[in-house]
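Okay, structure first, notes after.
The values are calculated or read from the model by the stated rules, or taken from the named source; none is laboratory data. Treat the numbers as computed from the prediction; the structure is a model and nothing was measured. Cβ atoms come from the backbone with ideal geometry, glycine included; neighbour counts cover every protein chain shown.
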Amino acid sequence: MMYTDTIAAIATALSNSGIGIVRISGEEAFQIIDKIYKGKKKISEQDSHTIHYGFLVDAKETIDEVLVMVYRGPRSYTGEDIVEINCHGGAYVVKRVLETVVKYGARVAEPGEFTKRAFLQGRMDLSKAEAVGDLIHAKNEYARKNSVSQLKGTVYRKIEEVRASILYHTAFIESALDDPEHTSVDGYGDILEKDVQKILLEIKKLLASADNGRMLTEGIQTVILGKPNAGKSSLLNLLSGKERAIVTEIEGTTRDVLEEQIQLDGLTLNIMDTAGIRETKDVVEKIGIDRAKEYAKNADLVLYVVDASKCLDENDEMIIEILKNRKAIILLNKSDLNKKVSKETIIKHLESTIIETSAINETGIQELEEELKQMFFAGKISFNDEIYITNVRQKAALAEARESLERVCTSIETGMPEDFYSIDLMDAYENLGKITGETIGEDLVHEIFSKFCMGK
């Protein structure tokens, strides 16, 4: 899947700004820029990784004053010759520059086509390419750090290390089966099983990181539960820093689910403020309460807001029942008032972390931030040695590889012939190759990169 045509696209946001960039990549990149650039020397005569001042013209008409950057392949992002035109950032100006480039021989690039070419030219493996897309869409600091870590090759190195071990054993078995006089497989099953078990531990560790990886990139799905007027909406407003929810003294003000994405100490919380849990005959309110219960079942975390100024009742018992065997933090709200519910009272009913808060005085939020990191990331999030799988496709490939390796162990334990080992070993090898892009087809490549933004 190699390309010979030349592509171009706007590489910056299409809005009025200080600067805009139009990127050209391909065999004719220098020929095209020579036709439309006027400066001291032709761009095709310039050294790689240099920048040059001049004017962009169409025939005799000057379009803009520009700086042109030169990258000669293979020492470029795509591995091809690349020219980047830095022009003034007006939306019309940038479009006009792109139109001129296309007029003189380029075609408009498809979404993600520059990165796809980098992958196809061997400039990066598929895990690094996908990290580029994740970096662009990073919603918080931890998502950014994880993407940068993967760009450095953390996933690639781990997968290649595992694949090398699998390939070694597969090659040994195949050579032994082809030449049994010189290579014996007697007792090899025991040796193989030990190594496969080690590999399985590595794969299971990567799979276990997938939930944390998803929460790093997509956010922690968080549902706020509590009785009416416990302070749920006030908490949402406090966390979001704006009047997102209506707050009144009237019970049952919130009837539907309100969603808000907030940042807490680098983590993203996708928070859902729900209707107050209570017995009611109001049809509309009951629908809201049923939705709250349903969202709580699928949440990564439930924040149970308790009104500390009122005694627990049957509605609290209903909520406590919902929270059994779920990750939950209990926020003892209105702690600035005369307390009728203490931490000791709550612990009798539910063993969860309890934090005293006051939406009015804005207290308890820092403790909540620390508890979230302890609960989901063991107190710290490090990207030095830790790998977080954030990609659904990569997770599926790891799961398939795990199943293949588990079949190897089963074959060994049941005394199956050695050629059964190599079949499942190769299945695992190919499934892991899907992560780095070594064993995927053209259709999947197109699907992956079509999700990228234009110009990248």
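Here are the numbers:
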item: Whichever residue in segment 200-220 is touching a Leu at 6+ places or on another chain (Cβ under 7 Å) and not β-branched (Val, Ile, Thr) and, among such residues, is surrounded by the most Cβ atoms within 10 Å (Cβ to Cβ); result: LEU206
item: Residue identified as over 16 Å from GLU371 (Cβ atoms) and buried (at least 20 other Cβ atoms within 10 Å of the Cβ) among ASP313, ASP273; result: ASP273
item: Failed item in (1) part of a helix (DSSP H, G or I); (2) under 20 Å from MET124 (Cα atoms); (3) in contact (Cβ under 8 Å) with a residue 40 or more places away in the chain, with ILE440 passing the rest; result: (1)
item: Hey, ALA171 of a type in the set (A, V, I, L, M, F, W, C), more than 16 Å from LEU432 (Cα to Cα), without any contact (Cβ under 8 Å) to a residue 24 or more places away in the chain and exposed (fewer than 14 other Cβ atoms within 10 Å of the Cβ) or not; result: yes
item: In segment 316-356, residue surrounded by the fewest Cβ atoms within 10 Å (Cβ to Cβ) [restricted to those that are under 15 Å from PRO228 (Cβ atoms) and modelled with pLDDT of 75 or more]; result: MET318
item: Segment 136-192, residues that are assigned to a loop (DSSP other than H, G, I, E, B) and under 23 Å from ASN431 (Cβ atoms); result: GLY153
item: Failed condition for LYS103, given (1) of a type in the set (D, E, K, R); (2) within 26 Å of ILE159 (Cβ to Cβ); (3) touching a residue at least 40 places away in the same chain (Cβ under 8 Å); result: (2)
item: Complete set of residues in segment 443-455 that are surrounded by fewer than 22 Cβ atoms within 10 Å (Cβ to Cβ) and part of a helix (DSSP H, G or I); result: ASP443, LEU444, VAL445, HIS446, GLU447, ILE448
item: Failed item in (1) farther than 17 Å from GLY455 by Cβ; (2) out of contact with any helix residue (DSSP H, G or I) (no Cβ under 8 Å at 6 or more places or on another chain), with ALA91 passing the rest; result: (1)
item: Filter result for GLY187 (within 24 Å of MET416 (Cα to Cα) and without any contact (Cβ under 8 Å) to a residue 40 or more places away in the chain); result: yes
